[in-house]
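Take a look at the structure set out below.
The values are calculated or read from the model by the stated rules, or taken from the named source; none is laboratory data. Predicted model only: the values in this text are computed from it and were never measured. A quick note on method: Cβ atoms are made from the backbone with ideal geometry, for glycine too, and the neighbour counts reach across all protein chains shown.
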Number of protein chains: 2
Amino acid sequence: MSHSKKRVTIKEVAADANASLSTVSMVVNGKGYVSDSKRKIVLNSIRKLGYVPSASARSLASNRTNNIGFILRESHFTLSEPFYTRIFLGAEFESKNQNYYVLLATVPDDYKRGTDTPRLLKERNVDGIIIAGKVNINLLREVEDSGIPFVLVDYQYKSYPSITIDNRNAAIEAVRYLIGKGHTDVAFLGADISHPSISERLEGYQLAMMHADPPETGELVFIDEHQSPTLQTGYELGVKILNGAKRPTAVFCANDALALGLIKYAREKKIRIPEDLAVVGFDDVEGGKFSTPQLTTVRVFKEQIGELALKLLAELLDDVPKSNTRYERSNHMLTVPTELIVRESA
Amino acid sequence: MSHSKKRVTIKEVAADANASLSTVSMVVNGKGYVSDSKRKIVLNSIRKLGYVPSASARSLASNRTNNIGFILRESHFTLSEPFYTRIFLGAEFESKNQNYYVLLATVPDDYKRGTDTPRLLKERNVDGIIIAGKVNINLLREVEDSGIPFVLVDYQYKSYPSITIDNRNAAIEAVRYLIGKGHTDVAFLGADISHPSISERLEGYQLAMMHADPPETGELVFIDEHQSPTLQTGYELGVKILNGAKRPTAVFCANDALALGLIKYAREKKIRIPEDLAVVGFDDVEGGKFSTPQLTTVRVFKEQIGELALKLLAELLDDVPKSNTRYERSNHMLTVPTELIVRESA
DNA sequence: TTGATATATCGAAGCGCTTCTATAAATTTC
DNA sequence: GAAATTTATAGAAGCGCTTCGATATATCAA
């Protein structure tokens with residue numbers, strides 16, 4: 001490139017430090033045997049000359065890219081509430097510590113093998129992959145077949161490594177909180193139940209309600225399986241919930257968007273929150289802090305999840321070459337806890 | 001990597017096609033002279049063997065990385081409303097066409113040279129850089145000094161290539177719309193005026209009001225220079241606006257977040273929108289569609305801007321090696337138009 | 001004391017490409 | 001129709017690094 005000053009190479013460092021290429025390389029990578037004295041001299045030359053290793057040369061010689069891929073659905077990335085974006089950010093942050101670059105790839109919801117294959121997969125330009133959220137099974141299978149190690153986030157597939165939210169317990173805690181406030185008719189508001197996170201939240205709700213008085217009958221479970229959990233869906237189901245035969249006094253929502261949609265409708269109907277209707281959300285997205293009333297919700301530590309995913313993947317990548325055990329056999333399915341954030345809506 | 005099947009190399013393709021390495025390379029890159037017949041044979045071998053060039057080998061040999069860096073402030077990426085995120089997405093999308101990978105780097109607001117230098121810059125791991133939004137001047141200077149071509153988005157610096165929004169005209173259009181609705185007391189709600197986008201919107205407002213009756217005196221300009229344009233700031237300035245000596249009947253806000261904050265306060269004060277107060281925002285973020293009332297605003301084509309930025313940068317990168325003219329001299333400062341979206345709030 | 005093992009350094013091969021140079025045939029120019 | 005030019009292909013150098021022996025010395029166990 002005409003614009004860049006010539007870059008300092010390992011050769012120049014070696015010359016300056018009066019060492020061999022391999023010695024410098026070893027110092028840089030912290031491998032092999034180098035005496036303390038020599039190491040100091042080399043390090044000094046590196047600093048003096050401002051040497052920075054070339055990623056591509058390194059990559060070519062070592063057969064690892066030092067890239068990791070982060071794949072999510074377009075619709076998840078573009079979502080108005082940056083849930084997965086924050087997870088990405090957490091991963092990106094941690095990648096600096098682990099010396100990886102994160103390449104983002106978005107895939108369509110109706111992923112088809114071949115045509116939609118992300119470039120980073122096709123070109124095998126990553127050492128490992130993080131897949132965030134529920135994605136098309138075809139993608140999962142393609143990544144699986146590629147042999148590239150991967151970690152799932154907020155989703156599970158077979159027993160591959162994953163980071164998931166402790167949805168069940170979080171839901172139990174939230175619903176118990178509602179029951180503790182004296183509510184007996186607590187409804188559940190959900191959407192696409194095929195997403196494990198949502199079905200687990202429903203399970204938690206059911207578990208908590210099982211011992212309630214009166215026990216939950218399913219009458220107050222409102223789900224629209226064909227919709228994603230958006231504000232829109234929340235609004236529409238709100239119509240059903242608040243005009244149904246048995247109107248609940250509290251609603252536990254599968255996520256904040258749904259909760260916000262419900263609140264929007266309730267306020268239009270002049271239903272007071274939390275006096276007439278208590279609402280609890282899930283995720284703790286930004287918008288909940290600014291809604292009227294402010295949303296009581298379950299906080300999910302998104303950045304931390306991303307960080308964890310990258311750490312786990314990095315670990316996997318370190319291990320794979322050493323052991324020959326198939327990595328998916330190990331107990332690498334982590335669950336992260338949540339926190340109930342009580343604000344105004346319940 | 002132990003997990004990956006051996007990759008097909010150019011050598012194998014050459015052998016299969018009975019051609020030399022250079023011929024295959026030329027076919028792949030569309031350079032030099034290759035007869036049609038030979039090209040067909042090579043292409044066929046490539047397909048048959050499933051050959052995909054190694055990015056790192058390519059990069060090493062050609063001295064270009066095929067990466068482009070996308071730098072923005074952490075606070076801009078994490079913003080609840082994904083303005084810059086969508087621009088990033090647009091760039092990411094276009095990068096597939098141009099055969100680049102986009103490496104994202106976030107930098108702190110109080111960027112300091114050296115400590116905060118993004119890895120992609122330090123390691124010179126990109127051919128070009130996109131800088132989105134207002135960033136610290138230190139970063140700008142560091143990128144400038146690096147000699148790596150760059151394009152600014154929604155910001156300008158000297159006369160370097162940039163993609164900016166047509167803020168002035170958009171503001172004029174919005175304010176004229178308000179005036180056309182019969183409003184005479186139209187206020188401006190802004191924040192950090194040092195951001196050119198915001199000051200230009202103010203200028204547009206002032207231009208439009210100049211010919212209004214009565215002409216604008218500055219009395220209705222509400223800005224808090226020390227705040228970023230968030231919901232919070234909008235709420236706080238809302239207090240001033242609606243309790244001031246001269247209460248406006250319409251407000252043109254420098255962005256949607258401010259508008260939404262203002263609306264939140266107004267509704268708490270039982271001020272009806274748009275009957276008592278008309279509000280117009282700017283940006284057209286997701287949240288505006290779901291607010292009550294739905295926000296009238298100026299739409300900014302975010303994805304398109306990202307796309308344009310990447311295209312422009314790619315062009316620059318193609319040109320630089322050919323011509324010797326300094327690229328920042330050329331007329332590469334693009335302005336993209338907007339569109340007034342009339343919904344309920346005005 | 002003597003193998004065996006750990007420590008230290010170096011040289012060279014080679015990762016998979018691009019690109020320069022060489023060579024030759026085909027085509028154009030006047 | 002000889003010289004210049006364009007088209008076509010191959011060979012080889014080399015991009016900047018990692019890593020595999022090779023070699024040599026120092027340390028250890030018996």
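Annotation: of all residues in the stretch A:17-31 being of a type outside the set (Gly, Ala, Ser) and part of a loop (DSSP other than H, G, I, E, B), the one that is nearest to DNA strand C (Cβ to nearest atom) is A:18.
Note on the stretch A:80-112: residues that are in contact (Cβ under 8 Å) with a residue 40 or more places away in the chain and part of a helix (DSSP H, G or I) amount to 13.
In the set (1) under 19 Å from the mean Cα position of the chain (by Cα); (2) small (Gly, Ala, Ser); (3) buried (at least 18 other Cβ atoms within 10 Å of the Cβ), the condition left unmet by residue B:204 is number (1).
Among residues of the stretch A:132-152 that are within 14 Å of chain B (Cβ to nearest Cβ), those with a beta-carbon under 6 Å from a residue that is polar (S, T, N, Q) at least six positions away or on a different chain give the pairs A:147/B:4. Taking residue A:14, is it more than 8 Å from DNA strand D (Cβ to nearest atom) and either over 37 Å from the mean Cα position of the chain (by Cα) or assigned to a helix (DSSP H, G or I) (or both)? Judged against the criteria, residue A:14 is a match.
Condition test on residue A:39, is it over 24 Å from residue B:148 (Cβ atoms), at the interface with chain B (Cβ under 9 Å from one of its Cβ atoms) and either within 13 Å of DNA strand D (Cβ to nearest atom) or in contact (Cβ under 8 Å) with a residue 12 or more places away in the chain (or both)?
Spelling it out, it is not the case that residue A:39 is over 24 Å from residue B:148 (Cβ atoms), at the interface with chain B (Cβ under 9 Å from one of its Cβ atoms) and either within 13 Å of DNA strand D (Cβ to nearest atom) or in contact (Cβ under 8 Å) with a residue 12 or more places away in the chain (or both).
Restricting the stretch B:273-300 to residues that are touching a residue at least 60 places away in the same chain (Cβ under 8 Å) and within 11 Å of another protein chain (Cβ to nearest Cβ), the residue that is farthest from the chain's Cα centre (by Cα) is B:287.
Given the options B:282, B:290, name the one that is aromatic (Phe, Trp, Tyr) and touching a strand residue (DSSP E or B) at 6+ places or on another chain (Cβ under 9 Å). Testing whether each residue is aromatic (Phe, Trp, Tyr) and touching a strand residue (DSSP E or B) at 6+ places or on another chain (Cβ under 9 Å) leaves just B:282. Here's a check for you: in the stretch B:68-83, which residue that is among the β-branched types (Val, Ile, Thr) and more than 8 Å from chain A (Cβ to nearest Cβ) is nearest to DNA strand C (Cβ to nearest atom)? Ranking the candidates gives B:68 first. Only one entry of B:198, B:179, B:193, B:172 meets the criterion of being of a type in the set (A, V, I, L, M, F, W, C), within 20 Å of residue B:218 (Cα to Cα) and out of contact with any strand residue (DSSP E or B) (no Cβ under 9 Å at 6 or more places or on another chain), and that entry is B:172. Here residue B:45 qualifies as more than 30 Å from residue B:305 (Cα to Cα) and either within 12 Å of DNA strand D (Cβ to nearest atom) or not assigned by TED's automatic domain parsing to the domain that holds residue B:140 (or both). Put simply, of B:187, B:208 the only residue that is away from chain A (no Cβ under 14 Å) and free of Cβ contacts under 8 Å to residues at least 60 places away in the same chain is B:208.
One residue stands out among those in the stretch A:258-272 that are farther than 12 Å from residue A:241 by Cβ and surrounded by fewer than 21 Cβ atoms within 10 Å (Cβ to Cβ): the one that is farthest from the other protein chains (Cβ to nearest Cβ), which is A:272.
Do we have residue A:52 as closer than 19 Å to residue B:118 by Cα, within 38 Å of the chain's Cα centre (by Cα), at the interface with another protein chain (Cβ under 10 Å from one of its Cβ atoms) and within 8 Å of DNA strand D (Cβ to nearest atom) here?
On the way: closer than 19 Å to residue B:118 by Cα: yes; within 38 Å of the chain's Cα centre (by Cα): yes; at the interface with another protein chain (Cβ under 10 Å from one of its Cβ atoms): yes; within 8 Å of DNA strand D (Cβ to nearest atom): yes.
So residue A:52 fits the description; yes.
Among the residues of the stretch B:32-57, those that are among the small types (Gly, Ala, Ser) and not in a helix (DSSP H, G or I) comprise B:32, B:35, B:50, B:54. Taking the numbered list (1) in contact with a Phe, Trp or Tyr (Cβ under 9 Å, 6 or more places away or on another chain); (2) within 10 Å of DNA strand D (Cβ to nearest atom); (3) facing chain B (nearest Cβ under 8 Å) in turn, residue A:63 passes all entries but (1).
Residue A:192 meets the conditions (1) within 24 Å of residue A:342 (Cα to Cα); (2) in contact with a Ser or Thr (Cβ under 7 Å, 6 or more places away or on another chain); (3) at pLDDT below 90 in every case but one. The failed one is (1).
Taking the conditions (1) out of contact with any strand residue (DSSP E or B) (no Cβ under 8 Å at 6 or more places or on another chain); (2) more than 16 Å from DNA strand C (Cβ to nearest atom); (3) closer than 27 Å to residue B:137 by Cβ in turn, residue B:65 satisfies each one other than (2). Among the residues of the stretch B:241-264, is any among the acidic types (Asp, Glu), under 27 Å from the mean Cα position of the chain (by Cα) and more than 20 Å from residue B:181 (Cβ to Cβ)? So far as the stretch B:241-264 goes, no, none of its residues is among the acidic types (Asp, Glu), under 27 Å from the mean Cα position of the chain (by Cα) and more than 20 Å from residue B:181 (Cβ to Cβ). So which residues in the stretch B:104-134 are of a type in the set (Lys, Arg), over 19 Å from residue B:192 (Cβ atoms) and under 19 Å from the mean Cα position of the chain (by Cα)? Selection gives nothing.
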